[in-house]
1. Go through region 126-171 and count every residue that is more than 22 Å from Asp75 (Cα to Cα) and either at pLDDT 95 or above or assigned to a loop (DSSP other than H, G, I, E, B) (or both).
2. Please state which of the following conditions Phe92 fails to meet, knowing it meets all the rest: (1) surrounded by fewer than 19 Cβ atoms within 10 Å (Cβ to Cβ); (2) at positive phi; (3) in contact (Cβ under 8 Å) with a residue 60 or more places away in the chain.
3. Mind listing whichever residues of region 240-268 are buried (at least 21 other Cβ atoms within 10 Å of the Cβ) and part of a helix (DSSP H, G or I)?
4. Let me confirm something: among Ala265, Ala229, Ala220, which residue is closer than 19 Å to Ile309 by Cβ, touching a residue at least 60 places away in the same chain (Cβ under 8 Å) and of a type in the set (A, V, I, L, M, F, W, C)?
Amino acid sequence: MTQSAQSQMQQQSRLMDVARSYGIHLVLLVLIVVTAIISPAFLTANNISNMLLQAAPLGIVVIGQVLVILVRGLDLSIASVMATAAVVATSFNGQNSDAFPVFIVAITIGVATGLVNGLLIAKRNVSPFLATLATMTLLQGLRFAYTQGAPSGNVPPIYRVLGSQTFFGVPYNLMILIVLAAVFSILLHKTTYGRRVYLTGGNPVMARLVGIKADRVTIASYVISGGLAALAGLIYSGFVGIVDNWVGRGFELDSIVAAVMGGVALSGGRGSIFGGLLGAAILVVVFNAVLMIGFPIEFQIIIKGLVIIVAAAFYVRKTI
């Protein structure tokens with residue numbers, strides 16, 4: 001092989017490495033630029049603030065979904081936990097004095113759901129799909145039985161502030177997302193728990209050989225996912241203002257797609273929270289762009305399907 005051919009191959013290899021490392025950043029940038037050109041209103045302060053308000057609840061559940069996928073799982077119960085937390089938020093007197101009890105009850109439900117998911121998967125070897133589908137359905141049934149199909153009541157004002165208000169133009173829920181993303185990124189990359197998560201997902205056999213209790217790591221990841229989903233449900237209830245039994249519907253699939261687009265491997269052991277959040281940002285930008293350009297809202301569903309196909313194809317290509 002000639003020196004020029006070797007140089008060309010090395011250059012192509014470097015370009016591929018750059019594409020793998022920064023491809024999602026480029027996709028997000030292109031989406032923003034193209035949409036801004038087609039619809040100048042896209043980059044107005046009001047629209048950017050609206051996108052950030054919408055992105056924060058999705059970003060919170062993406063953090064939990066990333067942790068679960070890293071240990072070779074997935075969590076379909078996220079949206080049901082969100083809706084249940086939202087119903088809990090309206091089940092008290094709707095005063096700020098109820099904010100703490102609402103928080104405790106909602107988070108307890110989320111953590112308990114995650115614990116059941118983790119125990120079924122880690123201890124009973126139930127597939128993540130079936131285990132989380134079961135808890136999703138169970139919560140849905142309990143929610144409908146409790147509300148008789150029509151939840152009523154008011155969300156405590158503090159949750160409305162956290163879900164829909166800004167501080168000098170920066171949404172409060174975005175601040176919460178940033179703090180959570182920083183905390184769990186440090187947890188993943190700087191602590192023993194994080195190393196165990198990657199090893200459990202990347203090589204479960206090796207994890208057991210070195211003494212890691214993989215079942216505990218898996219259970220912990222599902223518990224965190226459930227707790228974060230409940231928190232996202234409370235925040236999202238403050239954003240939408242009107243609570244029904246379907247708050248957060250679709251977030252379970254959106255969070256999985258965002259994680260995969262952000263480079264989190266469905267086979268486990270590879271990916272980051274930052275990547276998952278970039279994937280979530282792409283989804284929010286795409287959905288907002290559909291409306292800003294003037295397409296019917298039904299196009300969001302079509303676009304979501306196309307995004308899932310592209311994400312799946314990209315994932316398969318990376319693992320070949």
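1. Of the residues in that region, 12 qualify.
2. Of everything listed in (1) surrounded by fewer than 19 Cβ atoms within 10 Å (Cβ to Cβ); (2) at positive phi; (3) in contact (Cβ under 8 Å) with a residue 60 or more places away in the chain, Phe92 misses just condition (2).
3. Selection gives Phe251, Glu252, Asp254, Ser255, Ile256, Val257, Ala258, Ala259, Val260, Met261.
4. Residue meeting the stated conditions: Ala265.
The values are calculated or read from the model by the stated rules, or taken from the named source; none is laboratory data. Computed from a prediction, not measured in an experiment: that's the story for all the values here. Quick reminder, even Gly has a Cβ in these numbers, built from the backbone with ideal geometry, and neighbours come from all protein chains shown.
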